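What follows is one structure encoded as C-alpha coordinates, with my remarks underneath.
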Amino acid sequence: MGAGGGGDAGAFYDAALQKRQAMMGKSGPSALVKNFRVFRIALFACIGGVLYGYNQGMFSGILAMPSFGRHMGEYTTNQTKKGWLTAILELGAWLGTLLSSFIAEVLSRKYGVLVACSVFVLGVVIQTTAVSAGANSILAGRFITGMGVGSLAMIIPIYNSEVAPPEVRGALVATQQLAICFGIMISFWIDYGTNYIGGTGEGQSDAAWLVPICLQLAPAIILFVGMIFMPFSPRWLINHGREEEARKVLSELRGMPPDHELVEIEFLEIKAQSLFEKRSIAEMFPELREQTAWNTFKLQFVAIKKLFQTKAMFKRVIVATVTMFFQQWTGINAVLYYAPFIFEQLGLDLNTTSLLATGVVGIVMFIATIPAVLWIDRAGRKPVLTIGAIGMATCHIIIAVLVAKNIDQWAEHRAAGWAAVCMVWLFVIHFGYSWGPCAWIIIAEIWPLSTRPYGVALGASSNWMNNFIVGQVTPDMLEGIPYGTYILFGLLTYLGAAFIWFLVPETKRLTLEEMDVVFGSEGTAAADFERMEEINNEIGLNQILRGEGAVAAASGSDAEKPKVAEKAEETV
(Lines give C-alpha, C1' and ligand atoms only; values in the text may rest on other atoms or scores of the structure.)
Protein backbone atom coordinates (compact mmCIF):
# COMPACT_ATOMS: atom_id res chain seq x y z
CA MET A 1 0.00 0.00 0.00
CA GLY A 2 2.74 2.56 -0.14
CA ALA A 3 5.03 3.46 2.64
CA GLY A 4 3.23 4.58 5.66
CA GLY A 5 0.63 7.23 5.77
CA GLY A 6 -2.43 5.12 4.99
CA GLY A 7 -3.74 4.75 8.51
CA ASP A 8 -2.48 8.21 9.50
CA ALA A 9 -4.17 9.78 6.49
CA GLY A 10 -7.45 8.07 7.29
CA ALA A 11 -7.14 9.09 10.95
CA PHE A 12 -6.50 12.72 10.00
CA TYR A 13 -9.48 12.99 7.65
CA ASP A 14 -11.68 11.10 10.14
CA ALA A 15 -10.66 13.59 12.84
CA ALA A 16 -11.46 16.52 10.55
CA LEU A 17 -14.82 15.00 9.61
CA GLN A 18 -15.76 14.21 13.21
CA LYS A 19 -14.79 17.70 14.32
CA ARG A 20 -16.99 19.27 11.66
CA GLN A 21 -19.90 16.92 12.29
CA ALA A 22 -19.81 17.65 16.00
CA MET A 23 -20.33 21.35 15.25
CA MET A 24 -22.30 21.23 11.98
CA GLY A 25 -24.13 17.90 11.84
CA LYS A 26 -23.97 15.11 9.27
CA SER A 27 -24.52 15.32 5.53
CA GLY A 28 -27.97 14.99 4.02
CA PRO A 29 -31.08 17.12 3.45
CA SER A 30 -30.76 18.72 6.90
CA ALA A 31 -27.24 19.91 6.03
CA LEU A 32 -28.60 21.60 2.89
CA VAL A 33 -31.14 23.44 5.05
CA LYS A 34 -28.41 24.56 7.47
CA ASN A 35 -26.30 25.73 4.53
CA PHE A 36 -29.16 27.28 2.62
CA ARG A 37 -27.13 30.37 1.74
CA VAL A 38 -24.54 28.25 -0.06
CA PHE A 39 -27.25 26.01 -1.51
CA ARG A 40 -28.94 29.07 -2.99
CA ILE A 41 -25.66 30.31 -4.53
CA ALA A 42 -24.93 26.88 -6.04
CA LEU A 43 -28.41 26.58 -7.49
CA PHE A 44 -28.06 30.02 -9.07
CA ALA A 45 -24.66 29.15 -10.54
CA CYS A 46 -26.18 25.99 -12.03
CA ILE A 47 -27.98 28.20 -14.54
CA GLY A 48 -24.75 27.54 -16.47
CA GLY A 49 -25.65 23.84 -16.51
CA VAL A 50 -29.14 24.68 -17.75
CA LEU A 51 -27.60 26.64 -20.65
CA TYR A 52 -25.39 23.67 -21.54
CA GLY A 53 -28.30 21.22 -21.48
CA TYR A 54 -30.60 23.60 -23.35
CA ASN A 55 -28.05 23.91 -26.15
CA GLN A 56 -27.72 20.14 -26.40
CA GLY A 57 -31.44 19.63 -26.88
CA MET A 58 -32.71 22.79 -28.54
CA PHE A 59 -30.96 22.44 -31.89
CA SER A 60 -32.44 19.04 -32.71
CA GLY A 61 -35.95 20.51 -32.85
CA ILE A 62 -34.83 23.56 -34.83
CA LEU A 63 -33.22 21.36 -37.50
CA ALA A 64 -36.60 19.76 -38.14
CA MET A 65 -38.45 23.07 -38.68
CA PRO A 66 -39.30 24.00 -42.31
CA SER A 67 -38.74 27.73 -41.68
CA PHE A 68 -35.18 27.04 -40.46
CA GLY A 69 -34.46 24.93 -43.53
CA ARG A 70 -35.44 27.81 -45.84
CA HIS A 71 -32.45 29.83 -44.59
CA MET A 72 -29.91 27.00 -44.34
CA GLY A 73 -29.81 25.76 -47.92
CA GLU A 74 -27.89 22.48 -48.16
CA TYR A 75 -27.10 22.51 -44.45
CA THR A 76 -30.38 20.75 -43.62
CA THR A 77 -30.49 18.45 -46.66
CA ASN A 78 -26.84 17.45 -47.07
CA GLN A 79 -26.13 15.08 -44.18
CA THR A 80 -22.44 15.94 -43.85
CA LYS A 81 -23.17 19.67 -43.71
CA LYS A 82 -25.99 19.05 -41.25
CA GLY A 83 -23.44 17.28 -39.07
CA TRP A 84 -21.15 20.31 -39.18
CA LEU A 85 -24.01 22.65 -38.33
CA THR A 86 -24.76 20.59 -35.24
CA ALA A 87 -21.32 19.42 -34.09
CA ILE A 88 -19.45 22.70 -34.42
CA LEU A 89 -20.84 23.64 -30.99
CA GLU A 90 -18.83 20.74 -29.49
CA LEU A 91 -15.69 21.85 -31.30
CA GLY A 92 -16.08 25.27 -29.69
CA ALA A 93 -16.81 23.65 -26.32
CA TRP A 94 -13.62 21.58 -26.62
CA LEU A 95 -11.61 24.78 -27.08
CA GLY A 96 -13.52 26.51 -24.27
CA THR A 97 -12.76 23.60 -21.95
CA LEU A 98 -9.02 23.82 -22.67
CA LEU A 99 -9.01 27.55 -21.90
CA SER A 100 -11.36 27.48 -18.89
CA SER A 101 -8.79 26.39 -16.30
CA PHE A 102 -6.51 29.25 -17.30
CA ILE A 103 -9.34 31.81 -17.24
CA ALA A 104 -10.69 30.57 -13.90
CA GLU A 105 -7.26 30.70 -12.27
CA VAL A 106 -6.07 34.04 -13.64
CA LEU A 107 -9.33 36.01 -13.49
CA SER A 108 -11.05 34.03 -10.67
CA ARG A 109 -13.94 31.55 -10.89
CA LYS A 110 -16.42 34.42 -10.51
CA TYR A 111 -15.03 36.54 -13.34
CA GLY A 112 -14.45 33.41 -15.41
CA VAL A 113 -18.21 32.82 -15.36
CA LEU A 114 -18.75 36.43 -16.46
CA VAL A 115 -16.36 35.97 -19.39
CA ALA A 116 -18.02 32.68 -20.40
CA CYS A 117 -21.48 34.29 -20.24
CA SER A 118 -20.28 37.17 -22.43
CA VAL A 119 -18.89 34.76 -25.02
CA PHE A 120 -22.11 32.74 -24.89
CA VAL A 121 -24.30 35.82 -25.44
CA LEU A 122 -22.12 36.96 -28.36
CA GLY A 123 -22.55 33.56 -30.01
CA VAL A 124 -26.34 33.64 -29.57
CA VAL A 125 -26.57 37.17 -31.02
CA ILE A 126 -24.57 36.06 -34.08
CA GLN A 127 -26.96 33.12 -34.57
CA THR A 128 -29.97 35.45 -34.64
CA THR A 129 -28.57 37.08 -37.80
CA ALA A 130 -29.12 33.83 -39.72
CA VAL A 131 -32.37 35.25 -41.15
CA SER A 132 -30.25 37.37 -43.47
CA ALA A 133 -26.78 35.78 -43.26
CA GLY A 134 -27.82 32.13 -43.54
CA ALA A 135 -25.84 29.10 -42.44
CA ASN A 136 -22.54 30.89 -41.93
CA SER A 137 -23.89 32.87 -38.99
CA ILE A 138 -25.21 29.67 -37.39
CA LEU A 139 -21.82 28.01 -37.85
CA ALA A 140 -19.90 30.96 -36.39
CA GLY A 141 -22.45 31.60 -33.66
CA ARG A 142 -22.63 27.98 -32.51
CA PHE A 143 -18.83 27.72 -32.40
CA ILE A 144 -18.61 30.85 -30.20
CA THR A 145 -21.59 29.74 -28.09
CA GLY A 146 -19.84 26.38 -27.67
CA MET A 147 -16.76 28.11 -26.26
CA GLY A 148 -18.98 29.72 -23.64
CA VAL A 149 -20.81 26.46 -22.90
CA GLY A 150 -17.55 24.51 -22.53
CA SER A 151 -16.14 27.08 -20.11
CA LEU A 152 -19.33 27.19 -18.03
CA ALA A 153 -19.46 23.38 -17.89
CA MET A 154 -15.97 23.35 -16.33
CA ILE A 155 -15.97 26.49 -14.16
CA ILE A 156 -19.41 26.18 -12.51
CA PRO A 157 -18.70 22.78 -10.82
CA ILE A 158 -15.34 24.14 -9.63
CA TYR A 159 -17.01 27.24 -8.18
CA ASN A 160 -19.78 25.24 -6.49
CA SER A 161 -17.32 22.78 -4.94
CA GLU A 162 -15.18 25.62 -3.58
CA VAL A 163 -17.96 27.66 -1.94
CA ALA A 164 -19.62 24.56 -0.47
CA PRO A 165 -18.74 23.11 2.95
CA PRO A 166 -17.57 19.48 2.88
CA GLU A 167 -20.87 18.26 4.38
CA VAL A 168 -22.84 19.13 1.21
CA ARG A 169 -20.16 19.43 -1.47
CA GLY A 170 -21.12 16.24 -3.29
CA ALA A 171 -24.79 17.14 -3.38
CA LEU A 172 -24.13 20.66 -4.66
CA VAL A 173 -21.74 19.51 -7.38
CA ALA A 174 -24.26 16.84 -8.42
CA THR A 175 -26.88 19.53 -8.99
CA GLN A 176 -24.90 20.50 -12.09
CA GLN A 177 -25.84 17.21 -13.80
CA LEU A 178 -29.48 17.68 -12.81
CA ALA A 179 -29.35 21.23 -14.19
CA ILE A 180 -28.01 19.92 -17.51
CA CYS A 181 -30.83 17.36 -17.73
CA PHE A 182 -33.36 20.05 -16.81
CA GLY A 183 -32.03 22.23 -19.64
CA ILE A 184 -32.36 19.34 -22.10
CA MET A 185 -35.91 18.68 -20.92
CA ILE A 186 -37.20 22.24 -21.27
CA SER A 187 -35.47 22.72 -24.63
CA PHE A 188 -37.43 19.83 -26.16
CA TRP A 189 -40.75 21.19 -24.95
CA ILE A 190 -39.98 24.77 -26.02
CA ASP A 191 -39.19 23.43 -29.50
CA TYR A 192 -42.46 21.51 -29.48
CA GLY A 193 -44.41 24.67 -28.60
CA THR A 194 -42.69 27.14 -30.94
CA ASN A 195 -42.98 24.67 -33.81
CA TYR A 196 -46.62 25.78 -34.14
CA ILE A 197 -45.82 29.50 -34.68
CA GLY A 198 -47.18 30.23 -38.15
CA GLY A 199 -48.14 26.60 -38.67
CA THR A 200 -46.07 23.46 -39.09
CA GLY A 201 -45.79 23.54 -42.88
CA GLU A 202 -44.08 25.74 -45.44
CA GLY A 203 -45.80 28.85 -44.08
CA GLN A 204 -44.14 28.44 -40.68
CA SER A 205 -42.85 31.70 -39.19
CA ASP A 206 -39.13 32.36 -38.64
CA ALA A 207 -40.08 33.00 -35.02
CA ALA A 208 -40.53 29.23 -34.65
CA TRP A 209 -36.73 28.79 -34.53
CA LEU A 210 -35.64 32.30 -33.56
CA VAL A 211 -37.57 32.18 -30.28
CA PRO A 212 -35.78 29.04 -28.94
CA ILE A 213 -32.43 30.56 -29.93
CA CYS A 214 -33.18 33.96 -28.38
CA LEU A 215 -34.60 32.49 -25.18
CA GLN A 216 -31.06 31.47 -24.26
CA LEU A 217 -30.21 35.12 -23.75
CA ALA A 218 -32.49 35.52 -20.72
CA PRO A 219 -30.83 32.94 -18.38
CA ALA A 220 -27.36 33.90 -19.66
CA ILE A 221 -27.93 37.57 -18.82
CA ILE A 222 -29.49 36.66 -15.45
CA LEU A 223 -26.44 34.52 -14.65
CA PHE A 224 -24.08 37.33 -15.71
CA VAL A 225 -25.80 40.00 -13.60
CA GLY A 226 -26.29 37.71 -10.63
CA MET A 227 -22.67 36.53 -10.57
CA ILE A 228 -21.55 40.14 -10.11
CA PHE A 229 -23.08 39.97 -6.63
CA MET A 230 -21.86 36.46 -5.81
CA PRO A 231 -18.80 35.95 -3.57
CA PHE A 232 -15.37 35.00 -4.85
CA SER A 233 -14.26 31.43 -4.29
CA PRO A 234 -12.50 31.28 -0.89
CA ARG A 235 -10.01 28.85 -2.35
CA TRP A 236 -9.11 31.20 -5.21
CA LEU A 237 -8.69 34.10 -2.75
CA ILE A 238 -6.34 32.07 -0.56
CA ASN A 239 -4.41 30.85 -3.59
CA HIS A 240 -3.79 34.47 -4.58
CA GLY A 241 -2.76 35.70 -1.14
CA ARG A 242 -6.05 37.39 -0.19
CA GLU A 243 -6.43 35.42 3.03
CA GLU A 244 -8.31 37.93 5.17
CA GLU A 245 -10.86 38.39 2.40
CA ALA A 246 -11.16 34.62 2.12
CA ARG A 247 -11.82 34.30 5.86
CA LYS A 248 -14.50 36.98 5.64
CA VAL A 249 -16.18 35.24 2.67
CA LEU A 250 -16.12 31.89 4.49
CA SER A 251 -17.65 33.54 7.54
CA GLU A 252 -20.48 35.00 5.47
CA LEU A 253 -21.08 31.76 3.57
CA ARG A 254 -21.32 29.73 6.77
CA GLY A 255 -23.25 32.37 8.71
CA MET A 256 -20.69 32.29 11.53
CA PRO A 257 -18.26 34.80 13.02
CA PRO A 258 -14.76 34.85 11.46
CA ASP A 259 -13.17 33.47 14.63
CA HIS A 260 -15.54 30.49 14.89
CA GLU A 261 -13.65 27.20 15.14
CA LEU A 262 -15.47 25.65 12.20
CA VAL A 263 -14.55 28.61 9.97
CA GLU A 264 -10.94 28.34 11.17
CA ILE A 265 -10.77 24.60 10.40
CA GLU A 266 -12.17 25.03 6.90
CA PHE A 267 -9.96 28.05 6.24
CA LEU A 268 -6.84 26.08 7.19
CA GLU A 269 -7.93 23.04 5.17
CA ILE A 270 -8.31 25.23 2.07
CA LYS A 271 -4.98 26.91 2.78
CA ALA A 272 -3.29 23.54 3.19
CA GLN A 273 -4.62 22.37 -0.18
CA SER A 274 -3.43 25.59 -1.84
CA LEU A 275 0.08 25.23 -0.39
CA PHE A 276 0.11 21.58 -1.35
CA GLU A 277 -0.57 22.40 -5.00
CA LYS A 278 2.05 25.16 -5.06
CA ARG A 279 4.72 22.88 -3.59
CA SER A 280 3.77 20.04 -5.93
CA ILE A 281 4.16 22.39 -8.90
CA ALA A 282 7.49 23.64 -7.53
CA GLU A 283 8.73 20.04 -7.35
CA MET A 284 7.39 18.75 -10.67
CA PHE A 285 7.71 21.96 -12.73
CA PRO A 286 10.22 24.26 -11.02
CA GLU A 287 10.38 26.54 -14.05
CA LEU A 288 6.63 27.27 -13.67
CA ARG A 289 6.42 27.81 -9.91
CA GLU A 290 6.11 31.59 -10.23
CA GLN A 291 2.40 32.42 -10.34
CA THR A 292 2.26 34.41 -13.59
CA ALA A 293 -0.51 34.30 -16.19
CA TRP A 294 1.84 32.81 -18.81
CA ASN A 295 3.06 30.10 -16.44
CA THR A 296 -0.54 29.26 -15.52
CA PHE A 297 -1.38 28.91 -19.21
CA LYS A 298 1.60 26.65 -19.94
CA LEU A 299 1.14 24.58 -16.80
CA GLN A 300 -2.04 22.79 -17.86
CA PHE A 301 -0.40 21.57 -21.08
CA VAL A 302 2.95 20.44 -19.64
CA ALA A 303 1.13 18.82 -16.70
CA ILE A 304 -1.13 16.84 -19.04
CA LYS A 305 1.93 15.80 -21.08
CA LYS A 306 3.55 14.45 -17.90
CA LEU A 307 0.59 12.10 -17.39
CA PHE A 308 1.71 10.13 -20.46
CA GLN A 309 5.31 9.65 -19.33
CA THR A 310 4.93 6.83 -16.77
CA LYS A 311 3.16 3.50 -17.17
CA ALA A 312 1.18 3.88 -13.94
CA MET A 313 -0.16 7.33 -14.88
CA PHE A 314 -0.82 6.23 -18.44
CA LYS A 315 -3.18 3.55 -17.07
CA ARG A 316 -5.22 6.30 -15.45
CA VAL A 317 -5.13 8.26 -18.71
CA ILE A 318 -6.56 5.22 -20.49
CA VAL A 319 -9.36 4.84 -17.94
CA ALA A 320 -10.32 8.53 -18.11
CA THR A 321 -10.15 9.03 -21.89
CA VAL A 322 -11.56 5.64 -22.92
CA THR A 323 -14.42 5.90 -20.43
CA MET A 324 -15.36 9.24 -21.99
CA PHE A 325 -14.95 7.73 -25.46
CA PHE A 326 -17.48 5.03 -24.64
CA GLN A 327 -19.81 7.53 -22.94
CA GLN A 328 -20.18 9.46 -26.19
CA TRP A 329 -20.26 6.37 -28.44
CA THR A 330 -23.22 4.98 -26.56
CA GLY A 331 -25.01 7.28 -28.99
CA ILE A 332 -26.60 9.50 -26.35
CA ASN A 333 -25.83 12.74 -28.14
CA ALA A 334 -26.95 11.28 -31.46
CA VAL A 335 -30.33 10.89 -29.75
CA LEU A 336 -30.23 14.35 -28.18
CA TYR A 337 -29.11 16.14 -31.37
CA TYR A 338 -31.14 14.23 -33.95
CA ALA A 339 -34.08 12.83 -31.99
CA PRO A 340 -36.81 14.20 -34.31
CA PHE A 341 -35.10 12.64 -37.35
CA ILE A 342 -34.60 9.35 -35.50
CA PHE A 343 -38.28 9.27 -34.55
CA GLU A 344 -39.24 10.15 -38.13
CA GLN A 345 -37.07 7.25 -39.29
CA LEU A 346 -39.00 5.06 -36.85
CA GLY A 347 -42.30 5.99 -38.50
CA LEU A 348 -43.46 9.13 -36.65
CA ASP A 349 -44.47 12.42 -38.28
CA LEU A 350 -41.46 14.78 -38.34
CA ASN A 351 -43.00 18.06 -37.24
CA THR A 352 -45.48 17.10 -34.52
CA THR A 353 -45.57 13.60 -33.08
CA SER A 354 -41.80 13.18 -33.34
CA LEU A 355 -41.21 16.43 -31.45
CA LEU A 356 -43.66 15.26 -28.80
CA ALA A 357 -41.77 11.97 -28.49
CA THR A 358 -38.54 13.98 -28.26
CA GLY A 359 -40.01 15.92 -25.32
CA VAL A 360 -40.54 12.64 -23.47
CA VAL A 361 -36.79 11.93 -23.89
CA GLY A 362 -36.02 15.02 -21.82
CA ILE A 363 -38.45 14.09 -19.05
CA VAL A 364 -37.32 10.48 -18.63
CA MET A 365 -33.63 11.46 -18.71
CA PHE A 366 -34.15 14.07 -15.99
CA ILE A 367 -36.06 11.66 -13.75
CA ALA A 368 -33.59 8.81 -14.32
CA THR A 369 -30.64 10.95 -13.20
CA ILE A 370 -32.06 11.54 -9.71
CA PRO A 371 -31.43 7.98 -8.36
CA ALA A 372 -27.77 8.20 -9.37
CA VAL A 373 -27.30 11.37 -7.34
CA LEU A 374 -28.88 9.71 -4.30
CA TRP A 375 -27.46 6.17 -4.37
CA ILE A 376 -24.29 6.00 -6.46
CA ASP A 377 -22.05 5.91 -3.38
CA ARG A 378 -23.95 2.90 -2.06
CA ALA A 379 -24.28 0.92 -5.32
CA GLY A 380 -20.75 1.47 -6.61
CA ARG A 381 -19.49 2.62 -10.00
CA LYS A 382 -18.73 -0.64 -11.83
CA PRO A 383 -22.09 -2.38 -11.47
CA VAL A 384 -24.05 0.76 -12.33
CA LEU A 385 -21.94 1.53 -15.41
CA THR A 386 -21.92 -2.11 -16.57
CA ILE A 387 -25.66 -2.65 -16.15
CA GLY A 388 -26.38 0.70 -17.78
CA ALA A 389 -24.17 -0.14 -20.77
CA ILE A 390 -25.72 -3.58 -21.26
CA GLY A 391 -29.19 -2.03 -21.06
CA MET A 392 -28.35 0.69 -23.60
CA ALA A 393 -26.65 -1.73 -25.99
CA THR A 394 -29.59 -4.13 -25.87
CA CYS A 395 -31.97 -1.27 -26.69
CA HIS A 396 -29.80 -0.39 -29.71
CA ILE A 397 -29.85 -3.98 -31.00
CA ILE A 398 -33.63 -4.26 -30.61
CA ILE A 399 -34.07 -0.95 -32.47
CA ALA A 400 -31.74 -2.22 -35.23
CA VAL A 401 -33.83 -5.38 -35.67
CA LEU A 402 -37.08 -3.38 -35.80
CA VAL A 403 -35.62 -0.90 -38.33
CA ALA A 404 -34.21 -3.68 -40.53
CA LYS A 405 -37.59 -5.45 -40.71
CA ASN A 406 -39.85 -2.42 -41.06
CA ILE A 407 -37.87 0.48 -42.53
CA ASP A 408 -40.03 0.83 -45.66
CA GLN A 409 -43.34 -0.24 -44.13
CA TRP A 410 -43.80 1.64 -40.85
CA ALA A 411 -47.32 2.71 -41.90
CA GLU A 412 -48.42 -0.94 -41.95
CA HIS A 413 -46.60 -1.77 -38.71
CA ARG A 414 -47.36 1.12 -36.34
CA ALA A 415 -46.89 -1.10 -33.28
CA ALA A 416 -43.32 -1.87 -34.35
CA GLY A 417 -42.63 1.86 -34.74
CA TRP A 418 -43.88 2.65 -31.25
CA ALA A 419 -41.92 -0.32 -29.86
CA ALA A 420 -38.77 1.23 -31.34
CA VAL A 421 -39.68 4.63 -29.84
CA CYS A 422 -40.10 2.98 -26.42
CA MET A 423 -36.66 1.41 -26.82
CA VAL A 424 -35.22 4.92 -27.38
CA TRP A 425 -36.92 6.10 -24.19
CA LEU A 426 -35.61 3.05 -22.29
CA PHE A 427 -32.12 3.70 -23.69
CA VAL A 428 -32.22 7.26 -22.28
CA ILE A 429 -33.32 5.93 -18.86
CA HIS A 430 -30.34 3.56 -18.76
CA PHE A 431 -28.01 6.42 -19.67
CA GLY A 432 -29.55 8.79 -17.11
CA TYR A 433 -28.81 6.65 -14.06
CA SER A 434 -25.46 5.30 -15.24
CA TRP A 435 -23.10 6.81 -17.80
CA GLY A 436 -24.49 10.34 -17.50
CA PRO A 437 -23.24 11.07 -13.96
CA CYS A 438 -21.02 8.04 -13.22
CA ALA A 439 -18.51 8.53 -16.02
CA TRP A 440 -17.69 11.97 -14.63
CA ILE A 441 -17.34 10.54 -11.12
CA ILE A 442 -14.84 7.93 -12.36
CA ILE A 443 -12.55 10.44 -14.07
CA ALA A 444 -12.55 12.68 -11.00
CA GLU A 445 -11.69 9.91 -8.52
CA ILE A 446 -8.79 8.04 -10.08
CA TRP A 447 -6.09 10.74 -9.87
CA PRO A 448 -3.66 11.57 -7.08
CA LEU A 449 -4.20 14.99 -5.51
CA SER A 450 -1.20 16.50 -7.29
CA THR A 451 -2.46 15.61 -10.81
CA ARG A 452 -6.25 15.63 -10.39
CA PRO A 453 -7.01 19.01 -12.08
CA TYR A 454 -5.06 18.05 -15.18
CA GLY A 455 -6.42 14.50 -15.33
CA VAL A 456 -10.01 15.71 -15.14
CA ALA A 457 -9.29 18.29 -17.87
CA LEU A 458 -7.89 15.52 -20.07
CA GLY A 459 -11.02 13.39 -19.54
CA ALA A 460 -13.27 16.36 -20.30
CA SER A 461 -11.29 17.03 -23.48
CA SER A 462 -11.89 13.44 -24.61
CA ASN A 463 -15.60 13.88 -23.86
CA TRP A 464 -16.00 17.00 -26.00
CA MET A 465 -13.88 15.75 -28.91
CA ASN A 466 -15.83 12.47 -29.15
CA ASN A 467 -19.03 14.46 -28.71
CA PHE A 468 -18.00 16.50 -31.77
CA ILE A 469 -17.21 13.39 -33.83
CA VAL A 470 -20.52 11.69 -32.99
CA GLY A 471 -22.47 14.84 -33.84
CA GLN A 472 -20.62 15.14 -37.14
CA VAL A 473 -21.00 11.56 -38.44
CA THR A 474 -24.49 10.65 -37.16
CA PRO A 475 -26.53 12.24 -40.01
CA ASP A 476 -24.49 10.41 -42.64
CA MET A 477 -24.76 7.18 -40.68
CA LEU A 478 -28.53 7.45 -40.24
CA GLU A 479 -28.91 8.02 -43.99
CA GLY A 480 -26.34 5.52 -45.25
CA ILE A 481 -26.71 2.65 -42.76
CA PRO A 482 -30.09 3.14 -41.01
CA TYR A 483 -30.15 0.00 -38.88
CA GLY A 484 -26.37 -0.36 -39.03
CA THR A 485 -26.08 2.86 -37.01
CA TYR A 486 -27.82 1.21 -34.07
CA ILE A 487 -25.77 -1.96 -34.45
CA LEU A 488 -22.55 0.10 -34.33
CA PHE A 489 -23.65 2.03 -31.23
CA GLY A 490 -24.85 -1.21 -29.65
CA LEU A 491 -21.62 -3.13 -30.23
CA LEU A 492 -19.49 -0.23 -29.01
CA THR A 493 -21.64 0.05 -25.89
CA TYR A 494 -21.26 -3.69 -25.19
CA LEU A 495 -17.50 -3.12 -25.51
CA GLY A 496 -17.88 -0.25 -23.05
CA ALA A 497 -19.53 -2.62 -20.55
CA ALA A 498 -16.65 -5.09 -20.96
CA PHE A 499 -14.08 -2.32 -20.59
CA ILE A 500 -15.62 -1.14 -17.32
CA TRP A 501 -16.11 -4.63 -15.88
CA PHE A 502 -12.70 -6.10 -16.74
CA LEU A 503 -10.31 -3.13 -16.89
CA VAL A 504 -11.65 -0.37 -14.64
CA PRO A 505 -11.31 -0.83 -10.86
CA GLU A 506 -14.16 -0.11 -8.47
CA THR A 507 -13.38 3.30 -6.97
CA LYS A 508 -16.15 3.43 -4.37
CA ARG A 509 -14.68 4.12 -0.91
CA LEU A 510 -11.07 3.64 -2.07
CA THR A 511 -8.45 5.81 -0.43
CA LEU A 512 -5.90 7.58 -2.60
CA GLU A 513 -3.24 5.07 -1.58
CA GLU A 514 -5.49 2.15 -2.53
CA MET A 515 -5.89 3.83 -5.93
CA ASP A 516 -2.09 3.79 -6.19
CA VAL A 517 -2.00 0.03 -5.57
CA VAL A 518 -4.71 -0.58 -8.16
CA PHE A 519 -2.95 1.46 -10.85
CA GLY A 520 0.59 0.37 -9.97
CA SER A 521 1.97 3.66 -8.69
CA GLU A 522 2.47 2.81 -5.02
CA GLY A 523 3.91 5.65 -3.04
CA THR A 524 2.43 8.54 -5.04
CA ALA A 525 -0.41 9.14 -2.60
CA ALA A 526 1.89 8.45 0.35
CA ALA A 527 4.28 11.13 -0.89
CA ASP A 528 1.34 13.47 -1.42
CA PHE A 529 0.15 12.75 2.12
CA GLU A 530 3.56 13.37 3.63
CA ARG A 531 3.69 16.76 1.95
CA MET A 532 0.14 17.54 3.13
CA GLU A 533 0.93 16.38 6.67
CA GLU A 534 3.95 18.68 6.78
CA ILE A 535 1.80 21.61 5.66
CA ASN A 536 -0.95 20.78 8.17
CA ASN A 537 1.61 20.88 10.97
CA GLU A 538 3.10 24.16 9.71
CA ILE A 539 -0.18 26.07 9.61
CA GLY A 540 -1.55 24.61 12.84
CA LEU A 541 -4.42 22.53 11.44
CA ASN A 542 -3.33 19.31 13.14
CA GLN A 543 -3.09 21.10 16.47
CA ILE A 544 -6.68 22.36 16.17
CA LEU A 545 -8.00 18.92 15.29
CA ARG A 546 -6.18 17.45 18.29
CA GLY A 547 -7.75 20.14 20.47
CA GLU A 548 -4.47 21.96 21.14
CA GLY A 549 -5.57 25.30 19.64
CA ALA A 550 -4.26 27.14 16.60
CA VAL A 551 -0.81 28.49 16.05
CA ALA A 552 -1.53 32.18 15.51
CA ALA A 553 1.46 32.97 13.38
CA ALA A 554 0.74 30.10 11.04
CA SER A 555 -2.59 31.52 9.98
CA GLY A 556 -1.24 34.70 8.50
CA SER A 557 -0.14 34.93 4.90
CA ASP A 558 3.01 36.86 5.80
CA ALA A 559 4.12 34.13 8.20
CA GLU A 560 3.65 31.52 5.53
CA LYS A 561 5.39 33.16 2.59
CA PRO A 562 8.97 32.46 3.75
CA LYS A 563 8.09 28.80 4.28
CA VAL A 564 6.63 28.50 0.79
CA ALA A 565 9.67 30.15 -0.77
CA GLU A 566 12.06 28.05 1.29
CA LYS A 567 10.27 24.85 0.35
CA ALA A 568 10.22 25.82 -3.31
CA GLU A 569 13.98 26.32 -3.27
CA GLU A 570 14.48 22.91 -1.68
CA THR A 571 12.49 21.17 -4.40
CA VAL A 572 14.41 22.61 -7.33
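The values are calculated or read from the model by the stated rules, or taken from the named source; none is laboratory data. Since the structure is predicted, the reported quantities are computational estimates derived from the model, not experimental observations. Glycine gets a Cβ as well: all are built from the backbone with ideal geometry, and neighbour counts include every protein chain shown. Each accessible area value is taken on the protein alone, full model and side chains, heavy atoms only, with ligands, DNA and RNA left out. Shrake-Rupley method; radii C 1.70, N 1.55, O 1.52, S 1.80 Å.
Sorting Y52, Y337 on solvent-accessible area from highest to lowest, probe radius 1.4 Å, gives Y52, Y337. Here the stretch 351-508 is assigned +1 on the Cβ of each Lys and Arg and -1 on the Cβ of each Asp and Glu. Its dipole about the Cα centre then comes out at about 420 debye. Please report, to two decimal places, log10 I(q)/I(0) for the stretch 120-227 at q = 0.17, 0.20 Å⁻¹ as given by the Debye formula with identical point scatterers on the Cα atoms and no solvent. Relative scattering, expressed as log10 I(q)/I(0), comes to -0.92, -1.14. With the convex hull drawn around the C-alpha atoms of the stretch 348-462, the volume per residue stands at 124 Å³.
In the stretch 47-93, the ratio of gyration radius to Kirkwood radius, Rg to Rh, stands at 1.02 when only Cα atoms are counted.
Scaling against 2.2 N^0.38 Å puts the C-alpha radius of gyration of the stretch 31-113 at 1.54.
Once both labels are positioned 7 Å from their Cα atoms along Cα-to-Cβ, the gap between I370 and A498 label points is 3.7 nm. Restricting the trypsin sites (Lys or Arg not before Pro) of the stretch 372-412 to loop positions (DSSP other than H, G, I, E, B) with no more than 12 neighbouring Cβ atoms within 10 Å leaves nothing.
Express the accessible area of the stretch 290-352 per residue in Å², computed with a 1.4 Å probe while the remaining protein chains stay in the model.
On a per-residue basis, the stretch 290-352 sits at 39 Å².
Over all Cα atoms in the stretch 394-466, the spread is summed up by Rg and Dmax: 18.8, 61 Å. P(r) tail for the stretch 311-355: Cα pairs beyond 16 Å make up 55% of the total. A 1.4 Å probe over all protein chains sorts W440, W425, W501 by accessible area into W501, W440, W425, starting with the largest.
Every Cα-Cα pair of the stretch 274-396 was included, and the share exceeding 23 Å stands at 58 percent. Its convex hull of Cα atoms gives the stretch 261-300 a direction-averaged projected area, equal to a quarter of the hull surface, of 3.1 nm². In the structure shown, the pairs K110/K306; K110/K305; K248/K508; K248/K305; K82/K110; K110/K278 are assessed against 31 Å; a Cα-Cα span above that value is assigned to K248/K508; K248/K305; K82/K110. What a 1.4 Å probe finds exposed on the stretch 262-356 is 62% carbon and sulfur by accessible area, rounded to a whole percent.
Here the gap between E530 and L356, fully extended at 0.36 nm per residue and compared with their Cα-Cα distance, gives a gain of 56.9 nm.
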